[in-house]
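Below is one structure, written out as structure tokens; the observations come after it.
The values are calculated or read from the model by the stated rules, or taken from the named source; none is laboratory data. In this text the structure is predicted, and so the values were computed from the model without any measurement. When we count neighbours, we look across all protein chains shown, and the Cβ atoms used for this are built from the backbone with ideal geometry, even at glycine. Only protein heavy atoms, including side chains, enter the accessible area calculation; ligands, DNA and RNA are left aside. Shrake-Rupley method; radii C 1.70, N 1.55, O 1.52, S 1.80 Å.
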Amino acid sequence: MAEQGRHDDAWWRTAVIYQVYVRSFADADGDGTGDLAGVRARLPYLRDLGVDALWFTPWYRSPMADGGYDVADYRTIDPAFGTLAEAERLVQDALALGIRTIVDVVPNHVSDQHPWFQAALAAGPGSPERERFWFHPGRGPQGDEMPTRWESSFAGPTWTRTTGPDGAPGEWYLHLFTPEQPDLNWDHPEVRAEHEDILRFWFDRGVAGIRIDSAALLVKDPALPEVPDRPGPGEHPHMDRDALHDVYRSWRRVADAYDPPRVLVGEVWLADAARFAQYLRPDEMHTAFNFDFMARPWDAKELRESVETTLEAHRSVDAPATWVLSNHDVTRPVTRYGRADSSFDFAAKRFGTPTDLAVGRRRARAAAVLTAALPGCLYVYQGDELGLPEVEDLPLDRLQDPMHFRSGGVDPGRDGCRVPLPWSGDAPPYGFSPTAREPWLPQPRDWADLTAEHQAQDPGSMLSLYRTLLALRRDDPDLRTGALRWLDADAHDGVLAFMRGDGLACVVNLSPAPVPLPAHDAVLVASGELVDGLLPTDTAVWLRLPAAPAATSRPTPTPPE
Ligand code: NOJ
């Protein structure tokens, strides 16, 4: 299928990809939930922001037990969001503006309402229908102990016991997430064939690629052993198993059969950079999310180490790195960077963790300047371009996230980063809906200054900063393809400084005092005002450096990274 995107087939190596959490982006029909018509109406905003592609979180029919990551039918759109015809129009309308589409595929599990799971429950033990999942008898004389003690990513057990038609307890089934998300058995040929068909279904509709949910979890050890204390590479019974790579090699063949080839983006949470890189070998995924960088605290040494490890790991497989500050699962940067501990860790999330939003905002601006200067792909989660904070005081009776409920109410959950966007006006729903109806999650009363309309008028706003960064990044050959070279041997002084190509330098000051800048011809963009020519704390700049003859005044770069 012919496409009119801005760049060539390798667009995914340098793209800016904007994550649309459909439920919270824009509501066109006034029911308080975002929808596809709302996204279509806001495409000009996304064009003006300067993004290359949109990644839509799952828009398929779903009971929404986990915000749509519990899919009941991968080929229909949830009625709350619209219709398949609208999705097709949205893909084409975006493409007409030079914006590609990535859809979210959820292969590890389905909804418990999916016809396959319903059929498996009805068919009973030993049936072929149950083979597509992980049904298993319990342990112990009564079968009332779970088959394994594996821990769920959402706290609590990973097995739920079924009840037979006569009310008697039956087999258990595996769910690494909620009981409403039964895990598929990826050793089953029908599971593999079905997903390749789902890929083709969306690729045939012109989508440019897929984001693969929980990509390192699909394959399980059929012997169902317990998780060892220190699993070696490939030894974990339900994570990063070697057989996964066959799945992605065959998906790559499906994607490569298209013209232009479609792109695979993995959600791969792995601490080991070398194991992570294996998913990006030339015949597997194109890119994967870089959660190591996202989880690091606002600390120059930490960030530099992450950038170096990331680039090194990606270089080994000739894949582009990705830079991610947040997404629909994690704390918004403005809030996180204002905390005493600004790293991100799911297990550490608690209600009432103090934050200084002024500090957080300054750092989030500097982080945007930093990440937009790094080589590879940049992901922007909706609302980060508006500098939205995490909403930490949602009424408890409005929370929806199973992570909150399954933690016994200890974990605040992920609703605080999913609050509907403020578009215009000075009171909720801030133009999110055409009616005064309160959105599915309530918005704070003090967001009038954060609306897209308000920020578009203000050259000092976060939105203006993002627009400037993305425009410069698109047009500047150094930023698109120039190699990264550090200007200092290390980050001991709390400063990150590096070149892209020969002409552009990015300097970020994470130290407590202002620092001088290298000699430069121009400041292209700054996250905050310079003071007497110095770069203040928590501020970042892009500099145009003098051309080659003036190189004596330029700091000596360390060898190419
Ligand atoms: C990762 C998704 O980003 C998250 O939102 C979801 O809850 C889990 N995978 C399970 O699908």
- Message: Sort Met285, Met146 by heavy-atom solvent-accessible area, probe 1.4 angstrom, most to least.
- Response: Met146, Met285
- Task: Could you state how much accessible area Phe276 has, in square angstrom rounded to the nearest 10, with a 1.4 Å probe and all protein chains kept in place?
- Result: 20
- Item | Kirkwood estimate for the chain, i.e. one over the average of 1/r between Cα atoms, Å | 24.6
- Item | Surface/4 of the Cα convex hull for region 184-251, nm² | 5.1
- Message: Tell me whether region 96-234 comes out rounded, prolate or oblate; compute the Cα gyration tensor, take square roots of the eigenvalues as a ≥ b ≥ c, and use a/c under 1.5 as the rounded threshold.
- Response: prolate
- If R0 is 56 Å, what FRET efficiency do you get for Asp229 and Arg47 from their C-beta distance, rounded to 0.05? 0.65
- Based on the alpha-carbon gyration tensor of region 115-174 and its eigenvalue square roots a ≥ b ≥ c, which shape applies: rounded if a/c is under 1.5, prolate if not and a/b is larger than b/c, or oblate? oblate
- Which of Ile77, Ala123, Pro428 sits closest to the plus end of the dipole of the chain, meaning its Cα is farthest towards the positive end, when Lys and Arg get +1 and Asp and Glu get -1 on the C-beta? Pro428
- Item | Rg/Rh ratio calculated on Cα atoms of region 398-520 (Kirkwood radius) | 1.13
- Message: Largest first and in whole Å, what are the equivalent-ellipsoid semi-axes of region 307-400 based on the Cα gyration tensor, each being the root of 5 times an eigenvalue?
- Response: 27, 15, 13
- Phe201-Asp521 pseudo-label distance in nm [points 7 Å out on the Cα-to-Cβ vector]: 5.4
- Prolate/oblate/rounded call for region 376-454, Cα gyration tensor, a/c under 1.5 rounded: oblate
- What order, most packed first, do the peptides 516-523, 190-197 have when packing is the mean number of other Cβ atoms within 10 Å of each residue? 190-197, 516-523
- Note on the structure: Given a 1.4 Å probe, the accessible area of the chain per residue, as a whole number of Å², is 38
- Query: Any idea how far apart Glu308 and Asp259 come out in nm if each label point goes 7 Å out from Cα toward Cβ?
  - Reply: 4.6
- Task: Could you calculate the FRET efficiency of Leu396 with Ser511 from 1/(1 + (r/R0)^6), where r is the beta carbon distance between them and R0 is 41 Å, rounded to 0.05?
- Result: 0.55
- Task: Mind giving me the FRET efficiency for Arg149 and Asp493? R0 is 60 Å, r the Cβ-Cβ distance, nearest 0.05 is fine.
- Result: 0.80
- Note on the structure: If every Lys and Arg gets +1 and every Asp and Glu gets -1 at its Cβ, then about the Cα centre region 217-345 yields a dipole, in debye to the nearest 20, of 340
- Keeping the other protein chains in place, figure out the carbon and sulfur percent of the accessible area of region 115-174, with a 1.4 Å probe. 54
- Quick one: what are the phi-derived ³J(HN,Hα) couplings along region 462-474, Karplus 6.51/-1.76/1.60 with θ = phi - 60°, whole Hz, x for glycine and proline? 4, 4, 5, 4, 4, 4, 5, 4, 6, 5, 4, 4, 5
- Mind giving me the nanometre distance, one decimal, between the label points for Thr162 and Val410, set 7 Å out from Cα along Cα→Cβ? 3.2
- Task: Let me have the relative contact order for the chain, percent, based on Cα pairs under 8 Å that are six or more residues apart.
- Result: 13
- Task: Scan around Val20 for amide H atoms under 5 Å from its own, H built in the peptide plane at 1.01 Å from N, and keep only partners 5 or more places away or cross-chain.
- Result: Trp55, Phe56, Thr57
- Message: At q = 0.20, 0.21, 0.22 Å⁻¹, what log₁₀ I(q)/I(0) does region 1-123 have when each alpha carbon counts as one equal point scatterer in the Debye sum?
- Response: -1.10, -1.18, -1.25
